[in-house]
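A short worksheet on the structure shown next.
The values are calculated or read from the model by the stated rules, or taken from the named source; none is laboratory data. Because the structure is a prediction, the values reported are computed rather than measured. Quick reminder, even Gly has a Cβ in these numbers, built from the backbone with ideal geometry, and neighbours come from all protein chains shown.
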Amino acid sequence: MATMNFSIPDDLRNAFNREFSGQNKSAVIVRLMQQAIAEADQQRRRQAAFAQLTAARAERPALTGAAARASREVGRP
(Lines give C-alpha, C1' and ligand atoms only; values in the text may rest on other atoms or scores of the structure.)
Protein backbone atom coordinates (compact mmCIF):
# COMPACT_ATOMS: atom_id res chain seq x y z
CA MET A 1 0.00 0.00 0.00
CA ALA A 2 1.28 3.48 -0.85
CA THR A 3 1.48 6.57 1.32
CA MET A 4 0.55 10.01 0.03
CA ASN A 5 1.25 13.38 1.62
CA PHE A 6 -0.90 16.43 0.98
CA SER A 7 -0.66 20.03 2.07
CA ILE A 8 -4.10 21.41 2.87
CA PRO A 9 -5.31 24.54 4.64
CA ASP A 10 -5.55 24.21 8.41
CA ASP A 11 -9.24 25.14 8.50
CA LEU A 12 -10.04 22.38 6.01
CA ARG A 13 -8.04 19.83 8.02
CA ASN A 14 -9.80 20.89 11.23
CA ALA A 15 -13.25 20.68 9.62
CA PHE A 16 -12.41 17.23 8.20
CA ASN A 17 -11.19 16.01 11.60
CA ARG A 18 -14.35 17.31 13.30
CA GLU A 19 -16.67 15.81 10.69
CA PHE A 20 -15.03 12.39 10.61
CA SER A 21 -13.87 12.04 14.21
CA GLY A 22 -13.96 8.44 15.37
CA GLN A 23 -13.74 7.13 11.81
CA ASN A 24 -10.84 5.67 9.90
CA LYS A 25 -9.79 8.83 8.09
CA SER A 26 -7.63 6.93 5.62
CA ALA A 27 -10.69 4.92 4.57
CA VAL A 28 -12.71 8.13 4.22
CA ILE A 29 -10.01 9.65 1.99
CA VAL A 30 -9.80 6.48 -0.11
CA ARG A 31 -13.59 6.51 -0.60
CA LEU A 32 -13.50 10.18 -1.63
CA MET A 33 -10.67 9.50 -4.07
CA GLN A 34 -12.61 6.58 -5.57
CA GLN A 35 -15.65 8.83 -6.01
CA ALA A 36 -13.53 11.53 -7.67
CA ILE A 37 -12.03 8.98 -10.07
CA ALA A 38 -15.49 7.59 -10.93
CA GLU A 39 -16.86 11.11 -11.51
CA ALA A 40 -13.92 12.02 -13.77
CA ASP A 41 -14.44 8.79 -15.76
CA GLN A 42 -18.16 9.49 -16.09
CA GLN A 43 -17.44 13.04 -17.26
CA ARG A 44 -15.01 11.70 -19.90
CA ARG A 45 -17.63 9.23 -21.14
CA ARG A 46 -20.27 11.98 -21.30
CA GLN A 47 -17.95 14.21 -23.30
CA ALA A 48 -17.16 11.37 -25.70
CA ALA A 49 -20.86 10.61 -26.18
CA PHE A 50 -21.61 14.29 -26.77
CA ALA A 51 -18.80 14.53 -29.32
CA GLN A 52 -20.10 11.42 -31.10
CA LEU A 53 -23.66 12.72 -31.21
CA THR A 54 -22.53 16.15 -32.35
CA ALA A 55 -20.38 14.68 -35.12
CA ALA A 56 -23.28 12.53 -36.34
CA ARG A 57 -25.52 15.60 -36.45
CA ALA A 58 -23.84 16.86 -39.61
CA GLU A 59 -24.67 13.58 -41.38
CA ARG A 60 -28.36 13.63 -40.54
CA PRO A 61 -30.75 15.21 -42.99
CA ALA A 62 -32.01 18.63 -41.98
CA LEU A 63 -35.70 19.44 -41.90
CA THR A 64 -36.64 22.77 -43.38
CA GLY A 65 -39.02 25.07 -41.58
CA ALA A 66 -41.59 24.59 -44.33
CA ALA A 67 -41.37 20.80 -44.05
CA ALA A 68 -41.71 20.95 -40.25
CA ARG A 69 -44.73 23.23 -40.56
CA ALA A 70 -46.32 20.94 -43.14
CA SER A 71 -45.87 17.86 -40.95
CA ARG A 72 -47.50 19.65 -38.00
CA GLU A 73 -50.46 20.61 -40.12
CA VAL A 74 -51.07 17.17 -41.63
CA GLY A 75 -54.39 15.80 -40.45
CA ARG A 76 -55.54 19.04 -38.81
CA PRO A 77 -58.96 20.37 -39.71
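A few notes on this one:
- Scanning region 30-77 for residues that are within 30 Å of MET1 (Cβ to Cβ) and among the hydrophobic types (A, V, I, L, M, F, W, C) yields VAL30, LEU32, MET33, ALA36, ILE37, ALA38, ALA40.
- Pair list, Cβ under 7 Å, 6 or more apart: region 28-40 residue surrounded by 10 or more Cβ atoms within 10 Å (Cβ to Cβ), other residue outside any helix (DSSP H, G or I) and modelled with pLDDT of 95 or more: VAL28/PHE20
- Here SER71 clears all of (1) at pLDDT below 95; (2) within 25 Å of the chain's Cα centre (by Cα) except the condition numbered (2).
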